[in-house]
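The values are calculated or read from the model by the stated rules, or taken from the named source; none is laboratory data. Here the structure is a predicted model, which means the values were calculated and not measured. All Cβ positions, even for glycine, are placed from backbone atoms using ideal geometry, and neighbour counts span all protein chains on display.
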Amino acid sequence: MDEQKPQTPAGAPNPAGGEKNTGMAIIAYILFFIPLLTGAHKDPFVKYHVKQGLVLFCLGVIIWIIGMLIPWYWWFSFYWIIRLLQLGLFVLVILGIVNAAGGKQEPVPLVGKFADMFKF
């Protein structure tokens, strides 16, 4: 008879301590507040990626506000600049997701260093 190992529920700390909660770390880049609503925010790995996701979210809001503040008669001149900034933000989100999926705690290029400003 095969002996089955006991299964730990998702989000519970691993008794061996080797497995990281990569699922919640990936979600942190899509909707940064979801891991904060669960018990996953206690995991240092997830907390690191939540902070990175929060920085990218703030950057996205800033880009959106800048796009909204540009008067309509200047819009054509700045349209491509705003689009390039949005594309760059998308690339940074993808890099963050790749780092989280790989189990790495590397800051996102250019803006990742600002994540240390958030304390929670």
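Name the residues in segment 102-118 that are among the aliphatic types (A, V, I, L, M) and farther than 9 Å from residue 55 by Cβ, would you?
Of all residues in segment 102-118, those among the aliphatic types (A, V, I, L, M) come to 108, 110-111, 115, 117.
Within segment 102-118, just 110 meets the criteria.
Consider segment 83-102. How many of its residues are touching a Phe, Trp or Tyr at 6+ places or on another chain (Cβ under 8 Å) and over 16 Å from residue 62 (Cβ atoms)?
So in segment 83-102, the residues touching a Phe, Trp or Tyr at 6+ places or on another chain (Cβ under 8 Å) come out as 93, 96-97, 100.
Add one more test, that the residue is over 16 Å from residue 62 (Cβ atoms), and what stays is 96-97, 100.
Total satisfying the criteria: 3.
Which condition breaks for residue 34 when tested against (1) at pLDDT below 50; (2) surrounded by 15 or more Cβ atoms within 10 Å (Cβ to Cβ)?
(1)
If residue 87 satisfies every condition in (1) touching a residue at least 24 places away in the same chain (Cβ under 8 Å); (2) surrounded by fewer than 16 Cβ atoms within 10 Å (Cβ to Cβ) but one, which is the exception?
With respect to (1) touching a residue at least 24 places away in the same chain (Cβ under 8 Å); (2) surrounded by fewer than 16 Cβ atoms within 10 Å (Cβ to Cβ), residue 87 is out only on (1).
Regarding residue 92, is this residue touching a residue at least 12 places away in the same chain (Cβ under 8 Å), closer than 21 Å to residue 27 by Cα and not acidic (Asp, Glu)?
Details: touching a residue at least 12 places away in the same chain (Cβ under 8 Å): yes; closer than 21 Å to residue 27 by Cα: yes; not acidic (Asp, Glu): yes.
So residue 92 fits the description; yes.
Taking only pairs six or more apart or across chains, which ones have beta-carbon atoms under 7 Å, a first residue in segment 60-79 that is without any contact (Cβ under 8 Å) to a residue 40 or more places away in the chain, and a second residue that is in a helix (DSSP H, G or I) and aromatic (Phe, Trp, Tyr)?
If the second residue must be in a helix (DSSP H, G or I) and aromatic (Phe, Trp, Tyr), the pairs left are 70/78.
Which of the residues belonging to segment 63-116 are at pLDDT below 90, in a helix (DSSP H, G or I) and either within 28 Å of residue 21 (Cβ to Cβ) or among the aliphatic types (A, V, I, L, M) (or both)?
Answer for segment 63-116, where residues must be at pLDDT below 90, in a helix (DSSP H, G or I) and either within 28 Å of residue 21 (Cβ to Cβ) or among the aliphatic types (A, V, I, L, M) (or both): 66, 68, 69, 81, 82, 112, 113, 114, 115, 116.
Taking segment 46-62, which residues are hydrophobic (A, V, I, L, M, F, W, C) and either part of a loop (DSSP other than H, G, I, E, B) or crowded, with 19+ Cβ neighbours inside 10 Å (or both)?
At the first step, the residues of segment 46-62 found to be hydrophobic (A, V, I, L, M, F, W, C) are 46, 50, 54-59, 61-62.
Residues satisfying the conditions are 46, 50, 54, 55, 56, 59.
Determine, yes or no, whether residue 42 is surrounded by 15 or more Cβ atoms within 10 Å (Cβ to Cβ) and more than 16 Å from residue 87 (Cα to Cα). Break it down into steps so the answer makes sense when it comes.
On the way: surrounded by 15 or more Cβ atoms within 10 Å (Cβ to Cβ): no; more than 16 Å from residue 87 (Cα to Cα): yes.
In short, no.
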